[in-house]
Structure formats: structure tokens, C-alpha cells
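J.: To start, I am sharing the structure in question, which I have written as C-alpha cells.
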Amino acid sequence: MKPNFWMPFGLLPKKNEPKPEGPRFADLYERGVAAAVDFTIIYLVLHDLFNAAASYLYGQADHALLQQGVNAPHLAEKMQLFWQSGLLHWWLVNALFQILLIGLFIVGSQLYFHTTPGKYLLGLSVRRKDTLELPSVAQYVLRFVAYIPAAPLFFIITFNRQRRGLHDRIVGTVVIHTRPDGWYWQQVKRGFYWLRARLTRGD
């Protein structure tokens, strides 16, 4: 069997190319994957607590007025009854509670481990833009708060050389790689070679 059969998707050795000096900034897709991992973990860990809190808080609304609002014939009357029931108030309290817990998870992970689970998996870390040192507690907190205005613009404003989002610009941070260039690809190739050895052992 030809060796090239075992070298799909560019697994053939590449020629050595000069690497650019300085930090390697995380691309948009890498940061997106890291964020997806973080929020998946948050969902799995805090899902039951979120549901319990929502059930309790929404239970504080006036359900008689809510039912009247459902049956009201006019939109203005519906909105007025929903407002009077306190539903919007308790929805806001629930949203702030969830944001607080998510913030404690994200900021706490960064303070204790200097990264989040998703960023660790991809070898990423948040650093100060000018010195590349770890941010302060205030910067971590402010950066999380800045996610709120940054989220809708994330896919637009990160197309710059340092891949900085609005929240990075507000706080003065960047997201860099902490592992050597090509480290993950080396792990993929090692896994591929290991699998190939197992599959061809009986040949």
C-alpha cells in the first residue's frame, strides 16, 4: 500500500518555514471554539441551578394578571398587564443572576488558572496588550462586563492584526497562544501515526 494513502489532509512533512517573531494572536475561529467550550461547560454545570432560580423568580410574578394579559384582546392592554404582573422585573432579576454566575465562573477561572477551560484546551490566554503580562482582577472583571456590548460586533471588529474585539480594546488586552506554533497539529499527527500502527499491525 502506498505511503501517501496514510497521509491525507496534508499530513506529509512540510518544509521548514521561518516563523514570525513576537506573540501569536488567536484567530476568530479559535476564540469562537474556546467560547463554545466554556459556555457548554457552564450550561452543564449550572443548568439545574439556572432552572431552579428561574422557577422561583418567575413564581413571584402575579399569575392572575399574566392570565388576563394572555386573554386581553389588544396589544397595549397585554403589555400593561404583563408589566403590572412584575414579569419583566423578575425576568431582569433572573437574567442578572445568570450573568453574575457566568461571570464568577469565567473571571474565577481566569484568576485561579490564568485561563478558562475552553482557552486552555486551545492553548490561549488573555494578556495585557503592551506588556503581555496577566491582566489585573479589575481588567478581568471589566473585560467580562464588556462582553455585553462586544458580542453583537464580535465577528466584525476582530478582523485586525491582533484579532482584538471591542472588549479587548476597552480593557487593553489581547488573546495569545501559549503553546508553540504547530503543537496541536503535531498531536493530531501523533494520534494518526498511533492509529495507523494499530491498524497495520496484523499486515
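The values are calculated or read from the model by the stated rules, or taken from the named source; none is laboratory data. Keep in mind it's a predicted model, so treat the numbers as computed, not measured. No Cβ is skipped: glycine too gets one built from the backbone with ideal geometry, and neighbour counts run over all protein chains shown.
J.: The conditions are (1) under 27 Å from A53 (Cβ atoms); (2) crowded, with 17+ Cβ neighbours inside 10 Å, and Q84 fails exactly one of them. Which is it?
T.: Here Q84 clears every test but (2).
J.: So, one more: Examine the range 62-79 for a residue that is more than 19 Å from the chain's Cα centre (by Cα) and either modelled with pLDDT of 90 or more or of a type in the set (S, T, Y) (or both), and state whether such a residue exists.
T.: No, the conditions are met nowhere in the range 62-79.
J.: When you scan the range 106-128, do you find a residue that is closer than 16 Å to F25 by Cα, aromatic (F, W, Y) and at pLDDT 90 or above, even just one?
T.: Within the range 106-128, one or more residues are closer than 16 Å to F25 by Cα, aromatic (F, W, Y) and at pLDDT 90 or above.
J.: Right, next: Return the residues of the range 117-144 that are surrounded by 14 or more Cβ atoms within 10 Å (Cβ to Cβ), more than 19 Å from P180 (Cα to Cα) and in contact (Cβ under 8 Å) with a residue 40 or more places away in the chain; say none if nothing qualifies.
T.: Hits for the range 117-144 are R128, K129, F144.
J.: Now for a separate question. Which residues, counting only those in the range 23-71, are among the small types (G, A, S) and in a helix (DSSP H, G or I)?
T.: Matches in the range 23-71: G32, A34, A35, A36, A52, A53, A54, S55, A64, G69.
J.: Which one of these is at pLDDT 80 or above, out of contact with any helix residue (DSSP H, G or I) (no Cβ under 7 Å at 6 or more places or on another chain) and either small (G, A, S) or farther than 24 Å from T131 by Cα (or both): G165, G191?
T.: Result of the check over G165, G191: G191.
Rundown of residues vs (1) loosely packed, with under 11 Cβ neighbours inside 10 Å; (2) in contact (Cβ under 8 Å) with a residue 12 or more places away in the chain; (3) within 19 Å of V145 (Cα to Cα), yes/no style:
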| position | (1), (2), (3) |
| --- | --- |
| G172 | no, yes, yes |
| I176 | no, yes, no |
| Y184 | no, yes, no |
| K189 | no, yes, no |
| F192 | no, yes, no |
| L199 | yes, no, no |
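J.: Of all residues being within 11 Å of the chain's Cα centre (by Cα) and among the hydrophobic types (A, V, I, L, M, F, W, C) in the range 29-60, which is surrounded by the fewest Cβ atoms within 10 Å (Cβ to Cβ)? Just the residue, please.
T.: Step by step, filter the range 29-60, then rank; the result is A36.
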